[in-house]
Amino acid sequence: MNEVTISQYTLKDIEEGLGKTFKVNITESMVSEYAKITGDNAPIHMDEEYARKTEFGHRICHGMLIGSFFSRLVGMHLPGENGLLLSYSCRHLLPCYINQELTVDGVITGKSEATRIITIKATIKDEFGKLLVDGLLKVVVLK
């Protein structure tokens, strides 16, 4: 795993428009480990023969596995060590397949000094720029 420096943004450092982006490659191992952790062994995710007969034509990744990268966005990048994810909503628009490279992007769209809460517009796109997941995150900034 690549070493990543954890961002240390404080509330005063954060302005609307501040953004962070990172890439992640979805592997067979990630899908298998996610299934082990959650117990979600649905055949659309785990059985290629079954999945070939569906509208997707192949196994697809668990939606929550893909959405979980919003946690990395908050905890490592925006704001980083001073962030605590309060709430999130996401729409899964297109499936993600094993061996895809994803781009996770977040941009600050709001900030409340009084509550110390920031709003992040977050997206996950595939290597072709297609939007897979669209999200809205509420994050409390601890410092």
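Where a number appears in this text, it was derived from the coordinates with a stated rule and is not lab data. None of the values given here were measured: they were computed from a predicted structure. Please note: Cβ atoms are built from the backbone with ideal geometry, for glycine as well, and neighbour counts cover all protein chains shown.
Numbers at a glance
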quantity: Elements of type helices (runs of 4 or more DSSP H) contained in the range 11-73, each with 2 or more residues being touching a residue at least 60 places away in the same chain (Cβ under 8 Å) and either surrounded by fewer than 17 Cβ atoms within 10 Å (Cβ to Cβ) or out of contact with any Phe, Trp or Tyr (no Cβ under 9 Å at 6 or more places or on another chain) (or both); calculated: 28-38, 63-67
quantity: Pairs, first in contact (Cβ under 8 Å) with a residue 12 or more places away in the chain and assigned to a loop (DSSP other than H, G, I, E, B) in the range 123-143, second surrounded by fewer than 16 Cβ atoms within 10 Å (Cβ to Cβ) and among the polar types (S, T, N, Q), C-beta under 7 Å, six or more apart; calculated: Lys143/Thr10
